[in-house]
Amino acid sequence: MLTCSEVLAELSNYLDNEVSAELRQGLEEHLKDCPNCWVLFDTTRKTIQIFRGTEPYPLPEGLHDKLQEALRKRMEQDPPGQN
Amino acid sequence: MIEPQSARILDDAELVHQAKEGSVEAFGELVNRHDRKIFRLTQHITRNREDAEDALQETFLKAYSRLSQFAENSQFYTWLVRIAVNESLMKLRKRKGDASVSLDDPMETEEGFVPREIGDWGNNPEQQYAQQELHEILDRAVHSLPAPFRTVFILRDMEQLSTEETAEALNLSVSAVKSRLLRARLQLREKLNRHFQRGKLSC
Ligand SMILES: [Zn+2]
């Protein structure tokens, strides 16, 4: 049986599906019987999902224009495909 | 004004190829495609709006002038992220007046990270917050991480690069990426716990 700290050490790899079949089985057995580790696993998984679910905001209008303008200037100075 | 191409959706590699051959439109489309994600990245690393805007602009200007050096068999986006990370870290160092801000491992005094608060979150705990409020909670949590953990987390769990791509972009070993990611995720979980724990109101 894996200890709680061994489970903690592998939590991230387990969530990323980067553990061997044997280790996976050991982790799943522990998680089934240890409520603390299960909640830790579940809330860490949710943490990742929440961040993965956020979309970046579009650039603010002014910033978008500023960026395009800087690029346009650079491209005029130094046309693409010239180097 | 650079407008995106509309004919058909080209992948990054095709656009890079066209840009290298002199297409201004192709490079413009690459910018439009990635600017918001790069801006999110520069904002999270620098934690400063002005620096993030400068780093965003520098990233695309550098990408443009270095385009001829870009190896077409690699991923454009990963390459762009690497430039953006470097630009952001430079800003961060300058702002802190401290050349020691680096991606080196922070001093670890403990053997590992021990979670302190553990509570059930229930399903979809994020839905108890309005979107704006949720964004603020998440931003604050990420910004509180030390830079070496923060950058790994941003690349892996926000930009969704693979472990290997993250290692390459940050010039770290795969095992360093994994150990930092574990600690970053556990620290974030801890920080979010008080907002998402079932039956608890936000404070
Ligand atoms: Zn346990």
Fill in the blank from the handout: Filtering the range B:150-203 for residues that are of a type in the set (Lys, Arg) and open to solvent by 40 Å² or more (accessible area, probe 1.4 Å) leaves a count of 5
Completion exercise
Going through (1) more than 8 Å from the ligand (Cβ to nearest atom); (2) over 25 Å from B:Asp157 (Cα atoms); (3) assigned to a helix (DSSP H, G or I) one by one, A:Met1 fails only at (3)
Fill in the blank from the handout: Per the filter on the range A:14-29, residues under 16 Å from A:Asp42 (Cβ atoms) and open to solvent by less than 50 Å² (accessible area, probe 1.4 Å) are A:Tyr14, A:Leu15, A:Asp16, A:Leu27
Fill in the blank from the handout: Among residues of the range A:43-83 being in a loop (DSSP other than H, G, I, E, B) and under 14 Å from B:Gly22 (Cα atoms), the residue modelled with the highest pLDDT is A:Asp78
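Matching residues to (1) more than 16 Å from the ligand (Cβ to nearest atom); (2) loosely packed, with under 13 Cβ neighbours inside 10 Å; (3) more than 7 Å from chain B (Cβ to nearest Cβ):
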residue: A:Val7; (1), (2), (3): no, no, yes
residue: A:Ser12; (1), (2), (3): no, no, no
residue: A:Leu31; (1), (2), (3): no, no, yes
residue: A:Trp38; (1), (2), (3): no, no, yes
residue: A:Thr44; (1), (2), (3): no, no, no
residue: A:Leu63; (1), (2), (3): yes, no, no
residue: A:Leu67; (1), (2), (3): yes, no, no
residue: A:Ala70; (1), (2), (3): yes, no, no
residue: A:Arg74; (1), (2), (3): yes, no, no
Handout entry: Qualifying positions in the range B:51-100 - surrounded by fewer than 18 Cβ atoms within 10 Å (Cβ to Cβ), without any contact (Cβ under 8 Å) to a residue 24 or more places away in the chain and under 15 Å from B:Lys20 (Cβ atoms)
Key = B:Ser65, B:Arg66, B:Gln69, B:Ala71, B:Asn73, B:Ser74
Problem - Residue count, the range A:46-61 (criterion: open to solvent by 50 Å² or more (accessible area, probe 1.4 Å) and in contact with a Phe, Trp or Tyr (Cβ under 6 Å, 6 or more places away or on another chain)) - result: 0
Handout entry: Segments classed as helices (runs of 4 or more DSSP H), wholly inside the range B:126-176, with at least 2 members that are small (Gly, Ala, Ser)
Key = B:163-170
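The values are calculated or read from the model by the stated rules, or taken from the named source; none is laboratory data. In this text, all values refer to a predicted model and were calculated from it rather than measured experimentally. Ideal geometry is used to build each Cβ from the backbone, glycine not excepted, and the neighbour counts take in all protein chains shown. Only protein heavy atoms, including side chains, enter the accessible area calculation; ligands, DNA and RNA are left aside. Shrake-Rupley method; radii C 1.70, N 1.55, O 1.52, S 1.80 Å.
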